[in-house]
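Worksheet for the structure shown next.
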Amino acid sequence: MCLRAQRTGEERKMRKHGLRYTCALSALVLGLAGASQAMAQAESQDAPQSSPPENPVIVVTGSLIRGTPEDAALPVDVISQEELINQGSPTAVDLLKNLPGSSGVLGDSNQFDSRSQGSEGVSTVNLRGLGPSRTLVLLNGQRLANTPIGVPSVDANLLPAAAIGRIEVLKDGAAATYGSDAIGGVVNFITNKQLDGLVLSGDYRFIDGSDGDWTASGAFGHDGDGLRVLASFGYQHRSPLAASERDFAVRPYTENPAGGFTEGGNPGAFLPFAFYPGTFIGLTGGFQVDRGCDDLGGIPVNNSTPTDIDSATRCASQYTPFDLLVEKEDRWQAYLETEIDLTDQIVAEFSGLLGHTSISANSSPTYLILNTPTPGLANPIGSQFWVPPNNPGLIAYRAANPDQFPSGANSALLAAGVFRAALLGGNPLFQDQNGIDGAAPATRDSESMRFTGAVRGSHSDAFNWELSGTWHKYIRESTGYDTVIDRVQLALRGLGGEDCDPLTGTPGVGPCMFYNPFSNAIEANAVTGETNPGYNAAVANDPAVFDYFTKKSSSRISNELKVASLVFSGNTGISLGGGNGIGYALGAQYRRNDYDATYGPYNNLDIYPCPGSLDFGVEDCARPIGLFGFLGSDQANSSTQDVYAFFGELQIPIGDRIDIQLAARYEDYGGSVGSTFDPKASARVQVTDWLALRGSYQTTFRAPPSTYLTAGDYLTSLQFVGGSFRAVRVNDDPSLIPESAESYGGGVLLELGGFRASVDYWHYDFSDDIVAEPLSGLLNSVFNSTDGSSTPGTAVADCSNPLASRFTFSGGPANGGCGTLTPTLADVTTIDTFYTNGAGLSTSGLDFMASYRDEFGSRGTWGLGVTGSYVIDFQTNDFFIGEDLIQPGFSAVGKLNYQTTAYPLPEVKLNGYVDVGWDRHNARLTVTHIEGYTDQRLAPGTPGHDIPSFTTLDFTVRIGLPAETDLTLSVLNLLDKDPGFAALDYSYDPFTANPLGRNFKIGIRKAF
C-alpha cells in the first residue's frame, strides 16, 4: 500500500522513482476506472503542488483514528489524480464500469430496466454487485445525500471532479465505522488539499454518430498564513447518440423480438364491433391487424411469431429507433473549501458544493394505454376504446379493407394494453427531438447543494476532537408526456379539442375534432422514411388533436440529509511489544433524512384521481389511477428518518509487525425499524519483509430508507411483459426491518523488488435483505410458467392463485381483477409488487493483482500488470410470498438476472496494462475484459442465451509540453468492439458494457 507519512530527507530524494509506482499499486488492487491497469507516474516537478507538510494529517477510509497508515489492518486502495490523467481523464461512468469489483453500474441510457428507470444522467457505484444502495459513497469522509429516485444511491456525476485529488476504496463492510449503507464497502472521494496554484484543463471526445463529448474545468489552491483555500469549477457535455447509429442496437425482429418491439403499437390491432342500439351491440370477430403494419415497418405476428397480415393478431412495432443510447447531458459542479487556523491547536474548515445536471432524453412518440376510459361518460358502450361508425378514419379504412369487417361490423374496439395513439408515424407535436422527428421529449434535472463545517482540536497525541456538520439536499425534477385516457376516447368519438364540450358538442363540428387511430392517417415512418401506400390525406390527424390528449407529466422529488458528529480520538500511549501506542476513537452522530415528493397537476391524484376527473369532474372511482394511460399518477408524500449513533474504535499495534483494529457501532432508528449493534475486527501481520497477511470479520446492516416505509405509496416502473410494457407498481412496506450481513475475508500481499501481488478472499452472508419482489417469479406463479417476462401473451391466468389479485386485467370488473373472465397475460395492464425482506443470500469471491515495474535509462520507468475480480458464488435462497414459492434459490454468478433480485453479474472482470513513462511523458496500453454470461430466461442454444465476453483495448499517450502544459491523446476501444448481444431493448446490457464503439479523445492541462 502507499504509505502517507512524514518523509525523511533520503525518502524525499527517492520520491520521484518510488512514488511513481508504489502509490499506484494500491490503485491496482482497486482497479478503478480501468485504473487497475494504471501505475502512478511521478508528479511533475513543475506542477502546482505545495510541499508536503511537515506533519501531514493522514486520513484513511475505514478508520476514525488520525494517523492510521494505509498499510494498517484495513485494505484501503487508492487511485491518485495523476493516475487518472495518465489514463486520459476518464469520466465517472468509465471509471465505475471498469472497476473489477463492481457490477450493475448506472451511467449509460438504461430506461427500460426497472432498476434504472428515471435515473438518466446519474452514475453509481455497485461494489460486489450487491446493489448501489449497499455501497457508501463519501466526500472527504462525510456522507452525501442519496438520489431520491428508484434505488437509493449517491450520484457520482455531481461530485466536484476538478477538485478531487485521490479516491480511496474500502472493499470491505464498514457499518461499524460509518453506519448504514456501508455493507458492500466504501468509496471516499478526497479533495486535493495540497494544490497550490491554478490548473485549467479540458478535453474533447470524438464519437461516431454524435457531435462528441467535451469537458472544461479549473481548480485553484492556496495554502499559507493560516489559510487554505481550494476552489474548482467543472463542466461536462455529452451529445446525444441515437440507437439507430449503432447496428447492434436496432436489430430486426427475427434477430431479437425483445429488441424494442411492442405488440401494442400504432398501427396496431383492432376488434370488429357491431353497434346497433336496441338491436345488437357486440364483437363480430377476433383481432385484425391494421393493413398498414408492414408497409410502415411493423411486423405482423401471431403468438409472437411473424406471419402474413391476414393471419396476424398483433403488429410488432419497434420503438428504439426513436430512443438514444446516450442522452444529451449538460452538467456543472462548483466547489469551495477553506480551512482557517483559529489557534495553534484549533482549525475550522468549511466547504460548499453546488452541482446541476440537465438531461434531454427521448421516449416513444406515445406510450401504450393500459387503462380503459370512464364508462357511460367518455365511452357510452362501457368497454375498451370504441371507434364509432361516424369516425372518418374508420369509414375510409373500412372502405379500403372491407374483408376485415364481418357482416354487421360497423365500428371497432381498441383494447387497452394493445393500443397507443402513435408510434411508427411519430408524434406530430414533437420535431427534431435530439435529431429525431416524432420522438416525445423527456427531461431530468438534478440539483445538488451541500455545505459542511467542522472544528478540530489537536491538543496532544493523546487527545484530539472534531465537531462537524453536513447539510446536503438533492433535488430531482422530471418531465415526460403521456396520453389522457378519457380524452383519447372522446377524440375517437369526434369530441376532441380544448374548446369542445364533450357533453354538448357535435362530433367533428366546430372546435370538436376526430382522432383517426388507423394507418391511413400516417404518411410515412418517421424514422426510416418508408412511405405508406394506404395514406389518405383527407383523414390525417390534426396535430391539435394530439395536443388535446397529450399532456405533461412532472415530478419534483428531494432528499435532504443533515448530519452532526462529535468524535474524540488519540493515542493512549500504551504500547504492546514495543510498537506504537494503542489508538482510540469515540463518538456520537445524529442523522436526519427528509424525503419530499410533489407532482404536476396532470399526474397528481389529489387533483385528478380518476380518468374522468379532468373533463367530467369525477372525484370517486373504484380504482383511483389518475388521468394517464401509462406513466400513472401519484400523491404528494413526504417522510422523515432520524438516526442516533454511538461508536468506538481501537487500533492496537503489537510490535512492528502486527496491527489489529477493533470497532463497534450502535444505531437507533426508532419506530418499527428499531436499533442495531455491529462489531468489526481486522488484523494485518507482516510475516516477512516481503510477505504480509490481512483479514477481517464484521457484522453489517442497512436500515430500510424512509421512502420504502410509507403506507399506500408506490413507485411505478415500466417492465416488458408478454410482448409489451406493463405498469409495475413497487409498493412501500411499513413493516420492513433492517437487513443484516455477516462478512469476513482475508488476503496475502507480496512485495519483491519491483514485483507486487495480492490475493484477497471475501464472503458475505445476508439475512432479511431488502429487495423488491421479483416480477419474473410472480409471472411464473400466476401464469404457470417458468419463462418470466418471456411468457407468451397467450398464457392463461390462474385466477384461483391468491397472487392473481396482484394483477389488473383489461376488460375485467371495476377493480380490474379476474372476475368471471379467463384473462391472458396480454390482458394485464398493471402489476403490484412490494418492497420486502427477502430470504437471504450469500456471495464470495477473489480480488487479485500482480504487477512488475522497473526503470530504464536515467529517468524512465516501465511496467505491466493485471488486476481482477472472480466471483465464486452468489447464491440466493428460496423466495416466498406467503405460502407461494415464486423464485427458487439460484446462483446469480455469470447470469443476466433480468427481473430477479440480482443485478447482471459476470463471473470474471480483468484489467491489464503495459506502460512506459519518462519525465512528464507516458504511454499506456490497457486491456479490459468482462467474461461472458448467460440469460437464464432463454433456452440454451437460442440467440441471446450466451452473452459474449466484452474485451476492449485502450491506448493513451501523455506528452509533457513546455510551460507546464500536458497534452493527452487517447484511442478508446481501439479495435472497435461491439458489446455482446443480449435479448434486451438495446440488444446489449447497459449495466455492463459500453455502446460507443471506437472513439478518440484529446485533452490539455495547463498549470500556472
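Here, each number is a calculation from the coordinates, and none is a lab measurement. The structure presented is a predicted model; accordingly, all values stated were derived computationally and were not measured. Because the Cβ atoms are built from the backbone with ideal geometry, glycine has one as well, and the counts that use them run over all protein chains shown.
The table for this structure:
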read-out	value
Check: the chain dipole with +1 on Lys, Arg Cβ and -1 on Asp, Glu Cβ, in debye	980
Between the range 152-185 and the range 253-272, the alpha-carbon center distance in angstrom	43
Dipole of the chain, positive direction: furthest Cα of 570, 746, 418, with charges on the beta-carbon	570
³J(HN,Hα), Karplus 6.51/-1.76/1.60, whole Hz, each residue of the range 344-352, x for Gly, Pro	5, 10, 10, 10, 10, 9, 9, 8, x
Residue 873 paired with residue 305, simple spin-label distance in nm, labels 7 Å along Cα-to-beta-carbon	4.2
Paired Rg and Dmax values of the chain, which use every Cα atom, in angstrom	30.2, 104
Cβ-Cβ FRET estimate between residue 225 and residue 934, R0 fixed at 56 Å, reported to 0.05	0.35
Cα-based shape type of the range 881-1008, given that a ≥ b ≥ c are square roots of the gyration tensor eigenvalues and the cut on a/c is 1.5	prolate
Amide H contacts under 5 Å for residue 770, placed H, 5+ residues apart	739, 838
For residue 412, distant residues with modelled amide H under 5 Å away	273, 387
Built amide H within the under 5 Å cut-off of residue 125, gap 5+	154
Positive-end residue, the chain charge dipole about Cα centroid, Cβ charges, pick of 554, 237, 879	237
Extreme residue, positive dipole direction of the chain, given options 356, 817, 483 (C-beta unit charges)	356
Over the chain: helical MRE at 222 nm, DSSP H runs n ≥ 4 each giving -39500 (n - 2.57), nearest 500	-2000 deg cm²/dmol
Under the Karplus curve 6.51 cos²θ - 1.76 cosθ + 1.60, θ = phi - 60°, whole-Hz ³J(HN,Hα) for the range 502-513, x wherever Gly or Pro sits	x, 8, 10, x, 9, x, x, 10, x, x, 8, 10
Prolate/oblate/rounded label for the range 76-210 (Cα gyration tensor, a/c 1.5)	oblate
Sequence of 317, 869 once ranked by neighbouring C-beta atoms within 10 Å, starting from the fewest	317, 869
Neighbourhood charge, 11 Å Cβ-Cβ cut-off, centred on residue 985 and excluding it, Lys, Arg +1 and Asp, Glu -1	-2
Spin-label model distance (nm) - residue 763 vs residue 503, 7 Å beyond Cα toward Cβ	7.2
Cβ-placed point charges (K, R +1; D, E -1), dipole of the range 526-578 about Cα centre in debye, nearest 20	340
Magnitude of the charge dipole, the range 90-179, Cβ model with Lys/Arg +1 and Asp/Glu -1, debye to 20	260
Environment charge at residue 641 (Cβ cut-off 12 Å; Lys +1, Arg +1, Asp -1, Glu -1)	-2
³J(HN,Hα) computed for each position of the range 317-334 - Karplus, 6.51 cos²θ - 1.76 cosθ + 1.60, integer Hz, glycine/proline x	10, 9, 9, 5, x, 8, 9, 10, 7, 10, 6, 6, 10, 10, 9, 9, 9, 10
Förster radius 45 Å - calculated FRET efficiency between residue 685 and residue 711 (Cβ-Cβ, nearest 0.05)	0.30
FRET efficiency for residue 340 and residue 1008, using Cβ-Cβ distance with R0 set to 25 Å, rounded to 0.05	0.55
Charge context of residue 828, other residues only, Cβ under 14 angstrom, K/R +1, D/E -1	-1
Overall form of the range 807-888 per C-alpha gyration tensor (a/c, 1.5; a/b vs b/c)	prolate
Near-label residues of the range 541-576 by backbone N, under 11 Å of a point 7 Å along Cα→Cβ of residue 471	561-563
